[in-house]
Each structure stands twice: as C-alpha cells, then as structure tokens.
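Single-structure report; data block below.
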Amino acid sequence: MQIPIRTQIADVVAQALRQVLGRDDIPPVLVERTRRPEFGDYSTSACLRMAREAGMPPMDLAGRVVAALPPVPFIGRAEPAHPGYINFWLDDGWLAQQVDAILEAGESFGAISIGQGQRVQVEFVSANPTGPITIGSARNAVLGDGLASVLEAAGYQVEREYYVNDAGSQVRRFGESVFARYAQALGEEVPFPEDGYHGRYVTELGEQLAAEAGRRYLEMDRRQAVRAIADWAVAQMLVRIRQDLADLGVHFDVWRHERHLYEEGLFDQALAVLRQQGYVVEYDDAVWFRHPDLEKDAVLIRSPRVVPEPSERPTYLASDVAYLWDKLVRRGFDRAIYIWGADHHGDVPRVRAAAKALGLDPDRTVFILYQLVTLWRGGEEVRMSKRSGEFITLRDLLEEVGPDPIRFMLLSRTADVPIDFDLDLAVEQSERNPVYYVQYAHARIASILRYAQEQGLEVDRPADLSLLRHPGELALIRKMLELPEVIEQAAAKLSPHFLPYYAQELATAFHAFYRDCRVVSSDPADEAVTRARLRLVRAAKIVLARVLHLMGMTAPERM
C-alpha cells in the first residue's frame, strides 16, 4: 500500500504545527498540488487558516512552521509564500529512486488503504431483463465497474451486483409479447398486447421458441403458458445481457433476483419493522409508506381493485425497501452504492426515508445518478441502429467501436454531465482520439523494451537511478507518483472520471520524455544512462497499464 505524497506532507506539516503552537489538537492539514511549477509541487494554506488562532501573522506562522519541519527524504525544499502559504518541492534524488519503488510494487502500485476493509456493495446496470442493454445502460455499466475498481484499489472490500427486475407486471407483459410472436410464428393469429414490448428481439425470441417447443404452449392454459414463456424469455435475455457485459469487460459477483426478495420473506420482514415503527398506513384498499421526510404517502402494495394479480401488487418502492433490508441488514454491507439513471431522482428520497424508518443510517446508502449519452456520426446525431432500425444497443456499439473506446469515453465525464459520444473519433487512430493516445504510449514503451532486448540489453538489470536528472525524466516520475492521489480522490468523491484525465496526462508526460530523452543509445559511454532510462520506461509501462486496467481497458503491446 502506498501513502499519497500529499498525505505525507500533511503529516509533517501537522507535526511542525504541533511543535510551533505547543498543542496536539491541530485541525486536518489540507495539501494540494500546485497549478504552476514555479510554486513547487505541493502547497498548503494551513497557516492562513490557523493564523488568528495562533495569534500571529500568517507569514510569520508559515516561516516558523517551515523552520520546524522534520527532515524527510521526499521534501527537497519548503518556502513560505504570500500571503501565508507554504510551497514544497520534491527532492530530485528521492524522485529518481521512486522508479525502483514502482517496479517493486508492480501491478499493485497506487493501492491505498483509506477504505480500511469496509464492505461496500456497488449495484449497477440492473436493466430490466425485458430487452437488450442500451447505450444508456452501457454508461451505467462503465461507471459502476470503474468505481468498483477504484474502491478496491483504495482498500475497500467491494461486491459488484446486478439486480434482476424479474417480478411484477413488466415481466408478465414481456411474456405476453413473446407469446404473441411465438404464436404468430406458428401461423396463429394472436393479437399483440397494446402495452407489449416491441422490437426485433421479441420477434426473434418468439421464432426461437416456436422452433424449440413447437405447439406445446398453445396447448396449455393461456395464463400458465404466458408465465412459463416469461420465465424462459427472461432467462434468454439474461444470457444475452451477460454476454454483452462480458464483452465490455464487466462481470458481477452476484446476480440478485427481485422475486427472491419476496420468496425469502425479506419484504415481509422489512414491512413488519415499518409497521412496528408506525410508518405504514392503510387506506383505499392499499398499503402506504408514510414518513415526515416525504411530501406525500408512497404506495407499497396496490389495491386488489386496481391490480387483481397478487404477485403484481407490490410497487417498485416495496422491492426497494426489501432490497435495502437485504443489503444493509441481512448481508451487512457498510455502504450500498446505487447507480441509477437521472430519471430515477424521485426515488432517492423515498429509499433514504425508508432507511431511516428501518432504523438504518441513511448515509449508508449512496446514489449516483447519471445523465444521457448521445451518439454522433459525421456531425449528426445517431438515433437508430443501422442493423436493426431500432434503438441503439450496447451490442451495436461493441461491434462498431469495440470495448476500450466505449469504456474510456463513457468514463470521461462526471456522472451528472451528459455525454456526446463521437463514433468517428472513437475509431480514429490519431492523437485526437484520447483512447488511441493513451494506449499508444503503452505500446510505444513495449516497442522500446523489445528493441532494447534485440540490441542485447537486459531491460530488468539494476541501474544507477541518480542519473535520472533531465526535466523530462523527473516530470514523468512526478506524474507517475500522482496515481495514489488520483485513486484517493476518485474513491473519496465516488467519481472514476479522474482516471481517464490522469491517463492522458501520464501519456503526455511519457511522450514528452520520449521526445527529449533518447532511451537506448548506441554509444558505450551512455550505457549507464540507457540502463537507468530502461528502468524508468519499465516503471512507466507498469503505471500506464495500471490505470488502463482500473478503467477496464486493455494495455496493448503493439498498435
């Protein structure tokens, strides 16, 4: 596990403040990376914030803190700066030696321990199993998987879960839709339900069932046939959903079925607690959830006069309550993270109110709401799939651009910002394409190492790293050492969009180094520098691969 450099600087500043002020109760010290190199690598405003409390001008306090800083190998210089900042420059010799630290850490480089083993569930995608994964749900998948990877790297125990909505009226309607197409495939004139599911995929399911089962379901009781076909069709769609997500590089630890929440009695348990606490009322033949945080009552179980079928009476909120109980009580996660489309914003206060009513800390539930994705080609918005003439699916996108551009581009914005996905740019092999730009840096390093081996050099041989003094070398090392901070920031803000930005900055630092510093020299006098630079590029390869893998992308050896 690495400790981010700014955390280490904050610790020594706090130590100096305690010495200067003669007290132990020092508030947390905030250290940030500077925006301009002339102000050093890091800076803190702690003295500005504590000057009045200390009873001295900020610059005086900053000067005394600098004088009291304990000697540490990573700080080369520290200086007070108006109106009371302290700027820090990392030591060049220490920076060079970090190349070996990166090589030793390998693929685990960047891992930190802020999670302290807390158990976190990330529930994402969870698209209804009544249709294929769409481009919108693809963003959900990338966000959830990227966040889960970041949290794991930050020291959390993470479980990825897909919630299968296989209870309620939408599954019955799906069964009726497939039944109609199945019957039509066998030459029967069965009307299609008015509120049914349209799309070529429903027709394909009907034709597939007709080929597999013949007239079996036409000879059954209609209600039983629809129920059996619904179960079969959901299972077929889940096979497709699993495959599409797997091809995107997304895998789940648990596939949790909504119907099991009722079969296992979890809804009854949660409802009993709500009743006991006085949050359940009944009127109009329905069961309602009443809570002071909500403007109006919310239906839990619909009236039999409105919904005759008992299994279809529980609402989405009823399932949410049971699922919340399942997550935080039965399975005991410390936090449950939900990744939902922005259209579900109205459900958030109800679930948080339910957590309170169940006696749970509502802050153990975290909701990330993401905005829409718009596809563009040739400067025009793409609304329909060329292949099917219907809505754009994840499979369409996978076949056109592949998983890596999808993951990078859908991760490149905060969840609350809509994304314009440029299909032309996604497949363009140029520096304009950030996916190509980052992956090409990794492939270029692999090419350098292959060339060195062809020249008879041992690329993993120890080297004198003190020879790494060129500004381009040190800038690359500085950028590599930021990864633990990026992971910390992404985990703290639950926003993996920091990864693609960092990946581009790291690739830029490597390309600049490669431009200014010849790695493999044919001059025997440069052998020691060559060995040092080979270790540097090996370390850069590790860090680039690490951030690519955190984003769920491949790190190509050739391009």
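The values are calculated or read from the model by the stated rules, or taken from the named source; none is laboratory data. What you are looking at is a predicted structure, and each value in this text was computed from that prediction instead of being measured. Backbone-built Cβ (ideal geometry, glycine too); neighbour counts: all protein chains shown.
Before moving on, here are some points about what is shown:
- Among residues of the stretch 134-157 that are without any contact (Cβ under 8 Å) to a residue 40 or more places away in the chain, those with a beta-carbon under 9 Å from a residue that is among the basic types (Lys, Arg) at least six positions away or on a different chain give the pairs ALA148/ARG160.
- Residue selected from the stretch 340-350 under the condition within 17 Å of ASP363 (Cβ to Cβ) and of a type outside the set (D, E, K, R), by the criterion surrounded by the fewest Cβ atoms within 10 Å (Cβ to Cβ): VAL348
- Any hit, the stretch 30-37, residues being in contact with a strand residue (DSSP E or B) (Cβ under 9 Å, 6 or more places away or on another chain), closer than 28 Å to ILE487 by Cα, touching a residue at least 40 places away in the same chain (Cβ under 8 Å) and in a helix (DSSP H, G or I): no
- Elements of the type helices (runs of 4 or more DSSP H) sitting completely within the stretch 417-510 and holding at least 2 residues that are under 15 Å from ALA532 (Cα atoms): these cover 434-454, 471-480.
- Those strands (runs of 3 or more DSSP E) of the stretch 240-336 in which at least 2 residues are under 30 Å from ARG395 (Cα atoms), considering only elements entirely within it, cover 254-257.
- If you go through the stretch 83-132 and pick out every residue that is of a type outside the set (A, V, I, L, M, F, W, C), under 30 Å from ALA532 (Cβ atoms) and touching a helix residue (DSSP H, G or I) at 6+ places or on another chain (Cβ under 9 Å), you end up with 10.
- Identity of the residue in the stretch 259-286, within 17 Å of LEU324 (Cβ to Cβ) and among the aliphatic types (A, V, I, L, M), that ends up surrounded by the fewest Cβ atoms within 10 Å (Cβ to Cβ): ALA272
- For PHE124, the stated conditions do not hold, so it cannot be described as surrounded by 18 or more Cβ atoms within 10 Å (Cβ to Cβ), at pLDDT 95 or above and farther than 23 Å from ARG546 by Cβ.
- For the stretch 312-330, the criterion of being under 20 Å from ARG139 (Cβ atoms) and within 28 Å of the chain's Cα centre (by Cα) is satisfied by no residue at all.
- Residue among ALA528, ALA555, ALA512 that alone is at pLDDT 95 or above, over 18 Å from the mean Cα position of the chain (by Cα), surrounded by fewer than 24 Cβ atoms within 10 Å (Cβ to Cβ) and not assigned by TED's automatic domain parsing to the domain that holds TYR440: ALA555
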